[in-house]
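**Student:** Sharing a structure here in structure tokens format.
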Amino acid sequence: MREEDKDEGYSLTWETLKPDWPLWVILAGLFGGAIALHAALPEQMPLRWALFEPVMILGLYLLMLLLPLLDPWRRNYARFDGVYRLLRWLTVLFMSGVCGISRAEAVGYNVDTVLLLDVGTALLFIVIGNVMGQIRPNFFVGIRVPWTLASEEVWRRTHRLAARVWVLGGLVCLALAPVRAPWSPHAFVACLIVMGLAPVVYAYVIFRRLRN
């Protein structure tokens, strides 16, 4: 590695962390809400269970901050810094939404959990799909299979395809979310499976083609 490359890439500095301050407010709110919910429903929800989801979300956030420091391709994170920050935000916001839905149910609100989760999942794939093509080779985010990790060209082509597949699949899932038919849950899951498998198969095909 060149000497200048050693100084490039991901690092935990105040400049890295400062844009995340709204997430800290959300995380603090989750813990505050868990304690308030425990006080309101002391017999139905032990404190350790009330705190389980906020602790898990905080753990995911910290993990996403720390894992790049261990990545052998750490310098690549500088090439998609904004996208990686967006992924941190999406993770915290999505999981906080799931937590909020469960809390609303716990206090007796009539919540259409399936609809909200389906819509949230569809929107998550649409947003990630829009930035998928900007993710650069690394060991922790993206389509990480042997063929993409072995070739930056395969990585690039696979993520460009995944971007289109995830946006299109997310739109299909969004359209399916309000449908209440016996087949709709199966169609929703099938769409997610296709979105997961299509880039992997494509990566293998492209890798073999380039190798030959």
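**Student:** Quick check on the range 17-75: of everything there that is farther than 30 Å from P137 by Cα and touching an Asp or Glu at 6+ places or on another chain (Cβ under 9 Å), which residue is modelled with the lowest pLDDT?
**Tutor:** So, considering only residues that are farther than 30 Å from P137 by Cα and touching an Asp or Glu at 6+ places or on another chain (Cβ under 9 Å), the one modelled with the lowest pLDDT is A34.
**Student:** While we're here: Applying the selection to the range 121-136, what residues are surrounded by 21 or more Cβ atoms within 10 Å (Cβ to Cβ) and in contact (Cβ under 8 Å) with a residue 60 or more places away in the chain?
**Tutor:** F125
**Student:** Same structure again: Inspect the range 173-180 for any residue being farther than 17 Å from F125 by Cα and either free of Cβ contacts under 8 Å to residues at least 60 places away in the same chain or among the small types (G, A, S) (or both) and give the result as yes or no.
**Tutor:** Yes, because at least one residue in the range 173-180 is farther than 17 Å from F125 by Cα and either free of Cβ contacts under 8 Å to residues at least 60 places away in the same chain or among the small types (G, A, S) (or both).
**Student:** For the range 76-98, give me each residue that is touching an Asp or Glu at 6+ places or on another chain (Cβ under 8 Å) and not aromatic (F, W, Y).
**Tutor:** Within the range 76-98, A78, R85, R88, M95, V98 qualify.
**Student:** Scanning for something over 14 Å from the mean Cα position of the chain (by Cα) and farther than 24 Å from R85 by Cβ, does the range 136-145 turn up at least one residue?
**Tutor:** Yes, the range 136-145 contains at least one residue that is over 14 Å from the mean Cα position of the chain (by Cα) and farther than 24 Å from R85 by Cβ.
**Student:** With (1) surrounded by fewer than 16 Cβ atoms within 10 Å (Cβ to Cβ); (2) of a type outside the set (D, E); (3) farther than 17 Å from D112 by Cα as the list, and V165 as the residue in question, which single condition is left unmet?
**Tutor:** (1)
**Student:** With respect to L210, is the statement that it is in contact (Cβ under 8 Å) with a residue 40 or more places away in the chain, in a helix (DSSP H, G or I) and farther than 30 Å from I101 by Cβ true? Please lay out each step first, then the result.
**Tutor:** On the way: in contact (Cβ under 8 Å) with a residue 40 or more places away in the chain: yes; in a helix (DSSP H, G or I): yes; farther than 30 Å from I101 by Cβ: yes.
Yes, satisfied.
**Student:** Please go through the range 64-119 and give me each residue that is within 17 Å of the chain's Cα centre (by Cα) and hydroxyl-bearing (S, T, Y), ordered by number.
**Tutor:** Y77, Y84, T91, S96
**Student:** Select from the range 170-212 the residues that are among the aromatic types (F, W, Y) and surrounded by 11 or more Cβ atoms within 10 Å (Cβ to Cβ) and write down the one among them that is farthest from the chain's Cα centre (by Cα).
**Tutor:** F207
The values are calculated or read from the model by the stated rules, or taken from the named source; none is laboratory data. For clarity, every value in this text was computed on a predicted model and none was experimentally measured. When we count neighbours, we look across all protein chains shown, and the Cβ atoms used for this are built from the backbone with ideal geometry, even at glycine.
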